[in-house]
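All remarks here apply to the structure that follows.
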Amino acid sequence: MSTQTLPEVDTRPETTDETDSDQPKVFHYVRKDKIAESAVMGTYVVALCGEVFPVTRSPKPGSPVCPACKEIYEGLRPGPDGED
């Protein structure tokens, strides 16, 4: 199995998994430039973990993050300006 680094991935957590109380179980990391488009147009985004969904909510500080997305995100190289 080979590992691949995604070029220029700028991410922010977004959510998919909903619970009965309409609160998300976890938030996923997705490309930042796709978030607004998805929220306005209803298009689907692809999370770092591979989950595909439309953006419906924004995370609040301390919100749970998908463990697979977090692991992938932490393994990415810093962006061209030195930021994650």
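A short reminder: the numbers here are calculations on the coordinates, not readings from a lab. None of the values given here were measured: they were computed from a predicted structure. As a convention, Cβ positions derive from the backbone with ideal geometry for all residues, glycine included, and neighbour counts pool all protein chains shown.
For segment 68-84, a residue qualifies if it is closer than 11 Å to Tyr29 by Cα and touching a residue at least 24 places away in the same chain (Cβ under 8 Å), and the qualifying residues are Cys69, Lys70, Ile72, Tyr73.
Number of residues in segment 27-57 that are among the aliphatic types (A, V, I, L, M), free of Cβ contacts under 8 Å to residues at least 40 places away in the same chain and either surrounded by fewer than 18 Cβ atoms within 10 Å (Cβ to Cβ) or outside any strand (DSSP E or B) (or both): the value is 8.
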